[in-house]
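K.L.:
Here it is, the structure, as structure tokens.
What follows draws every value from the coordinates through simple rules; no lab data is involved. These figures come from a predicted structure and were not determined experimentally. When we count neighbours, we look across all protein chains shown, and the Cβ atoms used for this are built from the backbone with ideal geometry, even at glycine.
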Amino acid sequence: MIIYTEVSELDKFIINGGKRLRGSVNISGAKNAAVAIIPAVILADDVCVIENVPQINDVTIDLQILRHIGADVRLLDKSTIRIDPKHIKDTVVPYELARHMRASYYFLGTLLSKFNHAKVSMPGGCDLGDRPIDQHLKCFKALGAEYTIEHGIVEISADKLIGTQIYFDKVTVGATINAMLASVKADGLTILENAAKEPHIVDLANFLNSIGANIIGAGTDVIKIRGVKRFKGTHYTIIPDQIEAGTYMIAAAATKGDVTVNGIIPKHLEPITSKLRKVGAIIEERDESVRVIGSDSYERTNLKTMPHPGFPTDMQPQFAALLTLAKGTSILTEGIFDNRFRYVDELRRMGADISVDGKVAVIEGIERLTGAPVKVADLRAGAALIIAGLCADGITEIEEIQHIERGYENMDKKLRELGADIVKRKFPDAVDSIAKIV
Ligand code: UD1
């Protein structure tokens, strides 16, 4: 039984704001790499040991799906998992498991690749606007598979997968990952063009190569995959979570603190480091850590989210929280998702001056935020509300924190260790289905 976080939809974070964060924080393994690598273990013909697995609910669900389809999953220590995929036979991921997270669609690619069949419910995850999977389906079809979508379930099968050339109509992380997963065993060469370049794509390629795949070019926009028929086991360590690291960097800056963020790859954080410097924070980069020294006041800036190596959409809400307190007018343009400003109304409740027109938010900096009851709409929106609460005068009560626990390991504990006054108010009688399914 592996339950990382028992979470109730009634649980809340209560923050008494105004404390400067000080000290050091260790960053966990990357969520978006973990949720790709764990399903990819299905491809291996022997045992895989995965280290630096983040203790978050999206991982709990992934492991539960693996168990459901027949894998032997054991926790060796809190962040190391041993998975024996040799006895997996089932190729169906039920709705009750798939609905909790977007990345459940990686089971389509990996099961199709291994068994020529997969049946997975359409994915859940954060509501960031329209999130089609047309590019995923286009890849599967190009490789020779047929699919149907009925009653919310995608069923996909192939007699044989054959390598091909695929051009993505838009840069998509999920479809790039699914295309890699689906093509590693295909006959011949698959070439993915206009591929996404995020660090977790490189991490997945490194994992797949460690079990015997033949993938080159991950991290550029052309990835070449030569099909391989058999895969061995491996011992693999997941990269650190760049978004978790960036979140603590912004929290340190916003609270005028002094925090060293440890166990990271500073190169992955360049867009965040550069923007934080631009608004006035001091950042000292070391080999595997960064120190963030906050400023007493911040300058305005403009920001547009873009695929890697641009500014990540997953950091946009957190940076917006900081900019509510910067001098002057900042303009944020969301370049990836249609609906990534669902935190704005909540920040307004705390006094922020933000207006939104389509994919553009205009933030007029104010002197101070004030604590208020607020509700989390999605994972990174939740992180933004926590940062705002840490800066605000008085008490902020954050509801619907199950979204935050999907992707941040022990966030309240890590923040308390940095001096924040934050507690989780638990409602143990109302444990959500995420915990119940485990
Ligand atoms: C992944 C990340 C998420 C991050 C996002 C962008 C995971 C588990 N999640 O999400 O944290 O915010 O990348 O960096 O890694 N699109 C289509 N058709 C498709 C697929 C995507 O039109 O078939 C569109 C999406 O609607 C979106 C854009 O492409 O507008 C980028 O989406 P994508 O990169 O696929 O995001 P996810 O993989 O869902």
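K.L.:
What does the convex hull of the Cα atoms of the stretch 282-438 come to per residue, in Å³, rounded to a whole number?
P.N.:
146
K.L.:
Most fluctuating residue of His151, His87, His403 in a GNM of the chain with Cα springs under 10 Å: which is it?
P.N.:
His151
K.L.:
Now a separate question. Using the crude model of +1 on Lys and Arg Cβ and -1 on Asp and Glu Cβ, and no other charge, please compute the dipole size for the stretch 295-342 relative to its Cα centre, in debye to 20.
P.N.:
Dipole magnitude for the stretch 295-342 comes out near 100 debye.
K.L.:
Per residue and in Å³, how big is the convex hull formed by the alpha-carbon atoms of the chain? If you can, show how the numbers build up before the last one.
P.N.:
Details: hull volume 53.0 nm³, N = 438.
It is 121 Å³ per residue.
K.L.:
While we're on this one: Here is the link list: Lys89/Lys114; Lys197/Lys278; Lys141/Lys229; Lys375/Lys424; Lys31/Lys138; Lys256/Lys375. Which ones come out longer than 22 Å on Cα distance?
P.N.:
Lys197/Lys278; Lys31/Lys138; Lys256/Lys375
K.L.:
At 222 nm, what value in deg cm²/dmol follows for the chain if DSSP H runs of at least 4 each add -39500 (n - 2.57) and the sum is divided by all its residues, to the nearest 500? Write out the running numbers ahead of the final one.
P.N.:
On the way: 15 runs with 133 residues, N = 438.
Theoretical 222 nm ellipticity from helices: -8500 deg cm²/dmol.
K.L.:
In whole Å, what is the distance between the alpha-carbon centres of the stretch 52-70 and the stretch 376-414?
P.N.:
Each part's Cα centre sits 23 Å from the other's.
K.L.:
From the square roots a ≥ b ≥ c of the eigenvalues of the alpha-carbon gyration tensor of the stretch 229-290, which class results: rounded (a/c under 1.5), prolate (a/b over b/c), or oblate? Before the final figure, lay out each step's value.
P.N.:
Values: a/c = 3.10, a/b = 2.76, b/c = 1.12.
It comes out prolate by the Cα gyration axes.
K.L.:
Want the number for Tyr167 to Thr80: 0.36 nm per residue separation, take away the alpha-carbon distance, what's left?
P.N.:
Working it through step by step, the gained length comes to 27.7 nm.
K.L.:
Now a separate question. Quick check on the chain: of the DSSP beta bridges with both residues there, what percent are antiparallel, nearest 5%?
P.N.:
Values: 56 of 82 bridges.
Just about 70 percent of them are antiparallel.
K.L.:
Within the set of other residues whose C-beta is less than 14 Å from the C-beta of Ile69, count the net charge using Lys and Arg as +1 and Asp and Glu as -1. Write down the numbers at each step before the final one.
P.N.:
On the way: positive: Arg67, Lys86, Lys89, Lys114, Lys119; negative: Asp62, Asp72, Asp84, Asp90, Glu96.
Value of the local net charge: 0.
K.L.:
Once you have a ≥ b ≥ c as the square roots of the Cα gyration tensor eigenvalues for the stretch 45-141, tell me rounded if a/c is under 1.5, and otherwise prolate or oblate according to whether a/b is larger than b/c. Before the final figure, lay out the partial values.
P.N.:
Details: a/c = 2.06, a/b = 1.32, b/c = 1.56.
Oblate, because a/c is 1.5 or more while a/b does not exceed b/c.
K.L.:
Report, in whole Å, the centroid distance computed from the Cα atoms of the stretch 308-362 and the stretch 196-251.
P.N.:
Each part reduced to its Cα centre gives a spacing of 29 Å.
K.L.:
Which of the trypsin sites (Lys or Arg not before Pro) found in the stretch 202-307 are loop residues per DSSP with 13 or fewer other Cβ atoms within 10 Å of their Cβ?
P.N.:
Lys229, Arg230, Lys232, Arg286
K.L.:
Still on this structure, please answer the following. Is the stretch 141-194 rounded, prolate or oblate when judged by the Cα gyration tensor, a ≥ b ≥ c being the square roots of its eigenvalues, rounded requiring a/c under 1.5 and prolate requiring a/b larger than b/c?
P.N.:
Because a/c hits 1.5 or more and a/b fails to exceed b/c, the stretch 141-194 counts as oblate.
K.L.:
How long is the gain from Thr237 to Lys138 if the chain were fully straight, where each residue apart is worth 0.36 nm and the alpha carbon distance is subtracted?
P.N.:
32.5 nm
K.L.:
To continue, here is another question. With +1 assigned to the C-beta of every Lys and Arg and -1 to the C-beta of every Asp and Glu, and no other charges, what is the dipole magnitude of the chain about the Cα centre in debye, to the nearest 20?
P.N.:
620
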